[in-house]
Amino acid sequence: MEITLKSPAEIEGMRVAGRLAAQVLEMIKPHVKAGVSTLQLDEIMQDYIENEQHAISACLGYHGYPRCTCISVNEEVCHGIPSPARHLHPGDIVNIDVTVIKDGFHGDTSMMFIIGGTTTTMARNLCHCAQESLYAGIKAVGPGRNLTAVGAAISKIVRPYGFSIVRDYCGHGIGRGFHEDPQVLHYPNDASVILEPGMTFTIEPMINGGTYKCKVNNKNGWTVTTRDKLPSAQYEHTILITEDGVEVLTLREGENFPRYLRTRQ
Ligand code: MF3
Ligand code: CO
Ligand code: CO
């Protein structure tokens with residue numbers, strides 16, 4: 001396993017890519033409402049990425065993936081393929097996952113939207129739990145810390161809710177590559193990696209309302225759903241290990257979390 005340490009110039013490239021990915025989510029927010037199809041949302045984001053940001057989607061064509069973004073609704077865990085037939089309804093919970101490439105560097109981030117602002121108690125709690133667990137994972141990392149702290153911190157948040165943590169998909173190193181080493185496990189584990197300044201990776205916990213077990217759609221080969229059809233929620237950020245802590249490269253405007261955290265021990 002080889003983890004690349006980014007140079008100052010590469011870190012600047014990662015900051016730019018991360019900012020662009022976050023801006024796609026900021027831009028799409030007012031469009032995510034009842035009646036719109038997930039394909040319409042994807043097309044708005046593709047136009048923005050290509051024609052405003054002069055960037056490209058990392059997903060389009062990735063191992064044959066057919067669209068620009070992943071949009072996963074309710075029981076869909078991840079890799080929902082935007083479709084003209086999937087219209088959003090009040091109470092749906094929707095994850096939009098965007099990965100852009102700018103000047104060779106990747107920025108990868110996702111967030112949840114609640115259509116119409118209200119949903120079931122379980123779905124609302126899932127969204128909240130997924131975001132809190134991402135934040136706990138970010139607070140757990142820094143130079144000299146062990147990557148195993150991420151899964152421990154996430155699990156500490158999720159356990160009291162009674163929800164489960166998806167095991168089949170994980171966070172990942174990111175840079176010039178979309179999915180680099182290390183794998184970032186979101187559940188308790190002993191995959192020891194001592195973190196160093198210059199490492200960039202994602203944390204992207206997927207939290208299920210019922211069983212952690214998942215199933216890949218056997219018609220399209222991509223879309224992952226929960227086995228029990230109960231809802232799932234996910235948040236994702238791309239982060240940088242700094243000399244004294246962590247920097248969130250995909251922080252959104254108005255997001256209630258610091259960009260820089262001092263976490264060195
Ligand atoms: N953005 C996803 C991740 O967080 C990967 C999507 S790959 C795709 O790693 F091909 F499905 F788009
Ligand atoms: Co990712
Ligand atoms: Co992603």
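The label point for Glu196 and the one for Leu60, both projected 7 Å from the Cα toward the Cβ, are 3.7 nm apart. Dividing the summed helix terms, -39500 (n - 2.57) for each DSSP H run of n ≥ 4, by the number of residues in the chain produces a 222 nm estimate of -8000 deg cm²/dmol to the nearest 500. The modelled label-to-label distance between Val36 and His179, using points 7 Å beyond Cα along the C-beta direction, is 2.8 nm. Each peptide in 58-64, 71-77 receives the mean, over its residues, of other Cβ atoms within 10 Å, and ordering these scores from highest gives 71-77, 58-64.
Accessible area per residue was computed with a 1.4 Å probe on protein heavy atoms; Arg67 scores about 80 Å². Our summary gives region 156-265 a relative contact order of 22 percent, counting only alpha carbon pairs under 8 angstrom and 6 or more residues apart.
If you count Lys pairs in the chain whose Cα atoms are under 16 Å apart, skipping same-chain pairs closer than 8 places in sequence, the total is 4. Label-to-label distance for Ser7 and Thr121 is 5.6 nm, based on points extended 7 Å past Cα in the beta-carbon direction. Put simply, the amide H of Arg227, placed in the peptide plane, has neighbours under 5 Å in Lys213, Cys214, Lys215, leaving out anything fewer than 5 places away on its chain.
Rolling a 1.4 angstrom probe over the protein heavy atoms, how many square angstrom per residue are accessible across the chain?
Numbers: 11320 Å² over 265 residues.
Per-residue accessible area for the chain comes out at 43 Å².
The values are calculated or read from the model by the stated rules, or taken from the named source; none is laboratory data. Not measured: the values here are computed from a predicted model. Ideal geometry is used to build each Cβ from the backbone, glycine not excepted, and the neighbour counts take in all protein chains shown. Surface areas here come from the heavy atoms of the whole protein model, side chains and all, with no ligands, DNA or RNA. Shrake-Rupley method; radii C 1.70, N 1.55, O 1.52, S 1.80 Å.
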